[in-house]
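The values are calculated or read from the model by the stated rules, or taken from the named source; none is laboratory data. What you see is a predicted model, and the numbers here were worked out from it, not measured in a lab. Neighbour counts are summed over all protein chains in view; Cβ atoms, including those assigned to glycine, are modelled from backbone coordinates with ideal geometry. The protein model used for the area step is the full one, side chains on, heavy atoms only, and it has no ligands, DNA or RNA in it. Shrake-Rupley method; radii C 1.70, N 1.55, O 1.52, S 1.80 Å.
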Amino acid sequence: MKAIVWTGRNSVEVQNVPDPEMLNARDAIVRVTSTAICGSDLHLVDGYIPTVKKGDILGHEFMGEVVEVGPGVRNLRPGDRVVVPFTISCGACFACEAELYSLCENSNPNAGMAEKLMGHSPAGIFGYSHMLGGFPGGQAEYVRVPFADVGPIKIEDDLPDEKVLFLSDIFPTGFMGAEMCDIKPGQTIAIWGAGPVGQLAAASAFLLGADRVIVIDRFPYRLKRAQRTGAEVLDYEEVNVLDALRDMTGGRGPDACIDAVGMEAHHPTPAMYAYDRTKQAARLETERPYALREAIMACRNGGVVSVIGVYGGLIDKFPMGTVMNRSLTIRAGQCHVQRYMRPLLDRIRSGEIDPSFVISHRMPLNEAPHGFELFKNKMDDCNKVVLTT
Ligand SMILES: [Zn+2]
Ligand SMILES: [Zn+2]
């Protein structure tokens, strides 16, 4: 089959690889019909997430048709159309019982590697490094889906792929980012990062009752898309974000702040950017955490900072004094996707939201290297790439 594989730093290729095979009774094989390139794929491609190997198949946002199921999968049959969550979860461990699916205790065969870096291991993730399981990803014609009786959600009506594909990651991730803010009527939520996740977090914040949403970025085409959700926007290359947010909130600051940027943030001050960029390149810190630092500084006293941007390891100059003295709550996590798929599918079905508004580019799977190029370099106003087989 054809698959998109990592072949070295900043290099992905279309390659012919062996078809996946069933390994366990609870596996399914899915023929992918649509898959997407995610911002978090970029952290893998450029080598900032460790333990990616040459030949690894990328991709964790995909859907398609079930072609084979193991004897342990009773809820799916060949021919079913499914969206597959990026988190691989057994459905029966301590974490899964608590609906903390991205922390499944049974799905990461390389848990020991993750424990060394993080203390304990999170769940396995499709196409997301060996530390998180080394599972072949979904930017391919076929994928083996472990615990297929728990993860995939059947799409039984004629909703097109584009409307439901993002149930695999970015819609639930944006929604969880907003949900962690415990939004009350009348509140103002600020979001760093106007990429697809930030845009869907903005839409979700409104769904959950936010009065105002303010999205911060520096690319006009992304801010414009964020505005479509009803959000106000700030270009951090044009304004001082902390001053602007203070002005917009009567001096108090946003009630909650969402970091939808993560480990490769950009900073408008060259000296500051150079400081973290150099340390990151020398692997003295793994992150460039400007968005997170600013979100913490901006948040009102007693507010919530919700982190859905991806981080890989260690942060320098973390403003703990601010967190402690101003009673901030920091909430974070890879999305517990399975918890959100059904309720969010219902919201799509009822017409409350159509997450396909984030799509800017559609192309066949074998043009994925071009898609990565456009998306990484923010060329051609590239916001979100969907690949079809
Ligand atoms: Zn993703
Ligand atoms: Zn589990």
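List of remarks:
- Being in a loop (DSSP other than H, G, I, E, B), under 30 Å from Glu162 (Cβ atoms) and out of contact with any helix residue (DSSP H, G or I) (no Cβ under 7 Å at 6 or more places or on another chain) is a description that applies to Gly351.
- Check on Val197, over 15 Å from the mean Cα position of the chain (by Cα), within 16 Å of ligand 1 (Cβ to nearest atom) and in a helix (DSSP H, G or I): no
- Residue within the range 143-161 that is more than 16 Å from ligand 2 (Cβ to nearest atom), assigned to a helix (DSSP H, G or I) and of a type in the set (D, E, K, R) present: yes
- Selection within the range 88-114 - open to solvent by 50 Å² or more (accessible area, probe 1.4 Å) and within 16 Å of ligand 2 (Cβ to nearest atom): Ala92, Phe94, Glu97, Ala98, Glu99, Leu100, Leu103, Glu105, Asn106, Pro109
- Matching option when the condition is among the polar types (S, T, N, Q), more than 16 Å from ligand 2 (Cβ to nearest atom), surrounded by fewer than 24 Cβ atoms within 10 Å (Cβ to Cβ) and touching a residue at least 24 places away in the same chain (Cβ under 8 Å), among Ser129, Ser168: Ser129
- Take the conditions (1) in contact with a Ser or Thr (Cβ under 7 Å, 6 or more places away or on another chain); (2) open to solvent by less than 30 Å² (accessible area, probe 1.4 Å); Glu141 misses just one of them, which is (2).
- Selection from the range 171-191 of residues that are of a type outside the set (Ser, Thr, Tyr), in a strand (DSSP E or B) and open to solvent by 10 Å² or more (accessible area, probe 1.4 Å): none
- Residue list for the range 54-77, restricted to those being assigned to a strand (DSSP E or B) and open to solvent by 10 Å² or more (accessible area, probe 1.4 Å): Ile57, Glu65, Val67, Glu68, Val69
- When Lys376 is tested against the conditions (1) surrounded by 22 or more Cβ atoms within 10 Å (Cβ to Cβ); (2) touching a Leu at 6+ places or on another chain (Cβ under 6 Å); (3) of a type outside the set (Phe, Trp, Tyr), the lone failure is (1).
- Matching residues in the range 30-41 - criterion: being open to solvent by less than 10 Å² (accessible area, probe 1.4 Å) and among the β-branched types (Val, Ile, Thr): Val30, Val32, Thr35, Ile37
- The listed residues are Pro78, Pro50, Pro85, and the only one of them that is more than 16 Å from ligand 2 (Cβ to nearest atom), over 20 Å from Val17 (Cα atoms) and at pLDDT 95 or above turns out to be Pro78.
- Among the residues of the range 85-99, the one identified as more than 16 Å from ligand 1 (Cβ to nearest atom) and closer than 19 Å to Leu345 by Cα is Glu99.
- Residue in the range 356-363 that is open to solvent by 60 Å² or more (accessible area, probe 1.4 Å), within 21 Å of Leu159 (Cβ to Cβ) and not small (Gly, Ala, Ser) present: yes
- The C-beta contact set for the range 323-341 (first residue on the phi > 0 side of the Ramachandran plot, second residue of a type outside the set (A, V, I, L, M, F, W, C) and exposed (fewer than 15 other Cβ atoms within 10 Å of the Cβ), distance under 9 angstrom, 6+ apart or interchain) comprises Ser327/Asn301; Ser327/Gly302.
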